[in-house]
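Heads up, the thing below is written out as structure tokens.
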Amino acid sequence: MQSQALQTMTPFKAPAASPERAAVIPATRFASGHEAPGIRADAIGIRAILSLPVTWWQRSRFRAELRADLREKPELLHDIGIGVYDAQAEASRYFWEALVLKRR
């Protein structure tokens, strides 16, 4: 009875790759279309991961200075085109969140 059930089952077949679907290739090109000279795709990812703490530290320092400017001299922010509300919103963001503060 078991052998009969196994014989009637059809084996699984993977779907054939369609010609419209392109293969996934890691990005090793710049926005201009030029190749990154001597840099492998996995090295780009490693560099990005290793530079993350530096980026986070810079964002943290920027937001700390922004909070200090809000306390001490908010008129300076207005002079350079940054609203107080925008500065407060940026200063309250976490260090891992990207900067969204733009000059007017």
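The values are calculated or read from the model by the stated rules, or taken from the named source; none is laboratory data. Just so we're clear, the structure is a prediction, and the values are computed from it rather than from any experiment. Using ideal geometry, Cβ is built from the backbone for each residue, glycine included, and neighbour counts are taken over all protein chains shown.
Filter the range 70-104 down to the residues that are among the aromatic types (Phe, Trp, Tyr) and closer than 23 Å to Val54 by Cβ, then identify the one that is nearest to the chain's Cα centre (by Cα). Full working, then the answer.
Taking the range 70-104 as the starting set, the residues that turn out to be among the aromatic types (Phe, Trp, Tyr) are 85, 94-96.
Filter again for closer than 23 Å to Val54 by Cβ, leaving 94-96.
Numbers: Tyr94: 15, Phe95: 14, Trp96: 10 Å.
Taking the candidates together, the pick is Trp96.
Among the residues of the range 71-90, is any surrounded by 13 or more Cβ atoms within 10 Å (Cβ to Cβ), at negative phi, at pLDDT 60 or above and basic (Lys, Arg)?
Taking every residue of the range 71-90 in turn, none turns out to be surrounded by 13 or more Cβ atoms within 10 Å (Cβ to Cβ), at negative phi, at pLDDT 60 or above and basic (Lys, Arg).
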